[in-house]
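Scroll down for the structure; my scribbles are underneath it.
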Amino acid sequence: MTDKTPPLHSCDDFDPNSLRVDEARARILDTLNTVKGVEQLAVRQCLGRVLAEDIHSTIDVPSHTNSAMDGYALRGSDIPTEGTASLRMIGRALAGVPFTGRVEAGQCVRIMTGAMMPQGADTVIMQEDVSVEGERIAIGAGHKPGQNVRQAGEDLATGDCVFSAGKFITPADLGMLASMGIAEVRVWRRVRVAFFSTGDELRSVGQPLGDGQIYDSNRYTLHGMLTRLGVELLDMGVIADRRDEIEAAFQDASQIADVLITSGGVSVGEADYVKETLEKIGEVNFWKIAMKPGRPLAVGRIGHCHFFGLPGNPVSAMVTFYQFVQPALQKMSGREVSPPLLLKARTTSRLKKTPGRIDYQRGWLETDEQGELVVHSTGQQGSGMLSSMGKANCFIVLPLESKAIEAGNLVTVQPFAGLI
Ligand code: AMP
Ligand code: MG
């Protein structure tokens, strides 16, 4: 036996048939395209939607050269190189009420933030740096010609490409569109997503629980995650583990939705109805993914409807959704899909880990008193313990080959901010 031979009683979790997370994500994204169809909407209706056209500025923003300060507008050449200079105040310029005359050498105009720069003036001295004596002001040396002035078109110039198609519209973008006087834009239509839970043990909220039964929580987490993504939701309820019901539900969903998401019933031995049905009416792959939690994932399609079968365990369903389904829906929504945002933080807890799968442990990320990022484990990490997600604000992402990590080491974290 050489050093390279794996030990007979390996306690790791490597499985040669399992797929790496990044590979699975890339394969999924490869099979998807943006949904067909655009809508023209009023700007205020576009928050969280995705632009289907490039936007070019129709005007200069700001449209006129204006003051960035409350103060005095004057000619830069009147700033003394030493000592003080005395200038005569010849009028006032307010935002929306321009001064109509011209500033000559030795003169100045009282000016407010946003007011149009008077002709002749190119510089603003802030009021705190000026002493006023009746109709005259005195300014000292040390000011720069051209200071405190916002040039016309410095934010956007006419014809600039402001946004490209694929831009996810944020509150700042609503403001930008309004600042260009744009009232309506074209956005991609929303992706229609149907979802249901499978499992004979599942009851819906409002029904009494019998022996061995549990409430269906996955439809609620899915409702939340999908709502955040701005897709159209079609909640199909709970479907029992029965061949005819499952087939009918798949058929219905494929008629009305772009995507169908189910949870449960994808573990080995249990997937039979789902697998059988999908093979009959569509196509499906059951992938074992080298990740924890959330190893099984079913991916396929029924006609034009894409299918994702998430694992039933509540944390597995969420982790799998965020790593695979969310980027897929973003791409279908017409959005640029960026790779996950990852940071380094020092773990304050010892983190258990077996090599062989990438771990998405739940953590609380914060800045400590020294200004360093630290992460605390939320404690027990069972894939059925939804409370671990509720207590967390990040995933602690431990690479495939990693073993347990001692407290004090740097680890990679994926913050929920921006993800969820
Ligand atoms: P399955 O993937 O169907 O084998 O389910 C794995 C575990 O997750 C089982 O303990 C199920 O009872 C549980 N489970 C499945 N679906 C749900 C659901 N919708 N809500 C809560 N727990 C679920
Ligand atoms: Mg089940």
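Computed from the coordinates by the stated procedures, all read-outs in this text should not be read as laboratory data. Because the structure is a prediction, the values reported are computed rather than measured. Heads up, the Cβs are rebuilt from the backbone with ideal geometry, glycines too, and the neighbour counts pull from every protein chain shown.
Some values worked out for this structure:
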| quantity | calculated |
| --- | --- |
| For the chain, built as a Gaussian network whose Cα springs stay under 10 Å, the top-fluctuating residue of Glu154, Glu135, Glu279 | Glu135 |
| Hits among lysines - C-alpha to C-alpha of Lys275 under 21 Å, sequence gap 8 or more where chains match | Lys288 |
| Estimated Rh, the range 57-146: Kirkwood, alpha-carbon pairs, angstrom | 13.0 |
| Angstrom value of the Kirkwood radius, inverse mean 1/r, which spans all Cα pairs in the range 1-136 | 21.7 |
| Computed lengthening from Asp211 to Gln40, 0.36 nm per intervening residue step minus Cα-Cα distance | 56.4 nm |
| 10 Å Cβ shell holding at most 16 others, DSSP loop, trypsin sites (Lys or Arg not before Pro): longest site-free stretch of the chain | 37-241 |
| Whichever lysines have a C-alpha closer than 21 Å to that of Lys344, once near sequence neighbours (fewer than 8 apart) are set aside | Lys292, Lys352, Lys353, Lys391, Lys403 |
| Over the chain: Rg over Rh, Cα atoms, Kirkwood Rh | 1.17 |
| Distance in nm between pseudo-label sites at Lys403 and Gln147 (7 Å out along the Cβ direction from Cα) | 6.2 |
| DSSP beta bridge pairing in the range 66-150, given as percent antiparallel to the nearest 5 | 80 |
| Proximal aspartates and glutamates relative to Lys331, as straight alpha-carbon distance under 16 Å, when same-chain residues fewer than 8 apart are discounted | Asp22, Asp30, Glu53, Glu232, Asp258 |
| Selection from Met180, Val191, Val162, by position along the positive dipole direction of the range 107-236 (Cβ) | Val191 |
| Calculated over the range 343-415: convex hull of Cα atoms, volume per residue (Å³) | 76 |
